[in-house]
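The values are calculated or read from the model by the stated rules, or taken from the named source; none is laboratory data. Owing to the predicted nature of the structure, the values given are computational and were not obtained by experimental measurement. Counting neighbours? That spans all protein chains shown, and the Cβs are built from the backbone with ideal geometry, glycine included.
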Amino acid sequence: MPAPEPEAPIDTLRIHETPEGVDLDLRVAGPVVRAAALAIDTLVRSALYLVLLPLMALSGVGTGLVLLGFFLLEWFYPVFFELRSGATPGKRALGLCVVHDDGTPVRAAASLIRNLLRVADFLPLGYAAGLVSCLIDRDFRRLGDLAAGTLVVHSEPALKPNPIPERLPRPLPRPLDLATQQAVLAFAERSLRLSPGRRGELAEVLVGPQGQTGEAAVEALLGYANWLARGR
């Protein structure tokens, strides 16, 4: 079976190669987890709005201060946190962050564009345009992300390399190029974190014309990975 074209990924992992030749793994966040992050941020902003309300008691300038505070919270709350740490409190709570589509940290211009264009994402009501954009774009980008060239990705903490599950080493059925060998080893390291269905799907792609399917393909790849890991 031929390997899939890069334009048709079978999961949400995007790989970007830096000018230094380093591959960055970016796992884009879907609309459900992004909506949950938005709900958390809405609660945080609502609490801050309540903190501002007592300023209304100040004669003369109270109303102006409250309105200014509401404006800054609505439009610059996300910009402040994205430039400070790459994520608003809601995104950070769910392990998300905003980056440029090349994996670099978001900068001021892009953060301003993506957040000021929330007014377009909100049209005609309740973020309808943003939701439609997320559903039809392969990287789940809303309109603001498309204009700013940004992605919302899962920011996974640095982990120790996952050990390859122990299997009887199995020699490769045919010579493989370096990229394919790396893909086999990467699959073995990630295999325990994948669902059985996704594990079998990826294994069938990597096994290629050998004919194994499902769990048989998984076991074959784990055997190849153990053989490669031992430097055979």
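Any residue at all in region 85-97 that's among the β-branched types (V, I, T), closer than 20 Å to L117 by Cα, assigned by TED's automatic domain parsing to the domain that holds R118 and more than 15 Å from the chain's Cα centre (by Cα)?
There is no residue in region 85-97 that is among the β-branched types (V, I, T), closer than 20 Å to L117 by Cα, assigned by TED's automatic domain parsing to the domain that holds R118 and more than 15 Å from the chain's Cα centre (by Cα).
Yes or no: region 105-114 includes at least one residue that is in contact with an Asp or Glu (Cβ under 6 Å, 6 or more places away or on another chain), of a type in the set (K, R) and either surrounded by 14 or more Cβ atoms within 10 Å (Cβ to Cβ) or at pLDDT below 90 (or both).
Scanning region 105-114 turns up at least one residue that is in contact with an Asp or Glu (Cβ under 6 Å, 6 or more places away or on another chain), of a type in the set (K, R) and either surrounded by 14 or more Cβ atoms within 10 Å (Cβ to Cβ) or at pLDDT below 90 (or both).
Between a residue in region 189-204 that is in a helix (DSSP H, G or I) and any residue that is among the hydroxyl-bearing types (S, T, Y), which pairs come within a Cβ distance under 8 Å, given they are 6 or more apart or on different chains?
These pairs meet every condition: R199/S191; G200/T213; E204/T213.
Given the options V51, V32, name the one that is aliphatic (A, V, I, L, M), loosely packed, with under 13 Cβ neighbours inside 10 Å, within 18 Å of the chain's Cα centre (by Cα) and in a helix (DSSP H, G or I).
V32
Does any residue in region 39-50 that is without any contact (Cβ under 8 Å) to a residue 60 or more places away in the chain and under 17 Å from G126 (Cβ atoms) come within less than 7 Å, Cβ to Cβ, of a residue that is part of a helix (DSSP H, G or I) and of a type in the set (F, W, Y) six or more places away or on a different chain, and which pairs are these?
Final answer for the pair search is R45/Y77.
Within region 179-189, does at least one residue satisfy the condition of being charged (D, E, K, R), farther than 28 Å from V106 by Cα and over 18 Å from the mean Cα position of the chain (by Cα)?
Within region 179-189, one or more residues are charged (D, E, K, R), farther than 28 Å from V106 by Cα and over 18 Å from the mean Cα position of the chain (by Cα).
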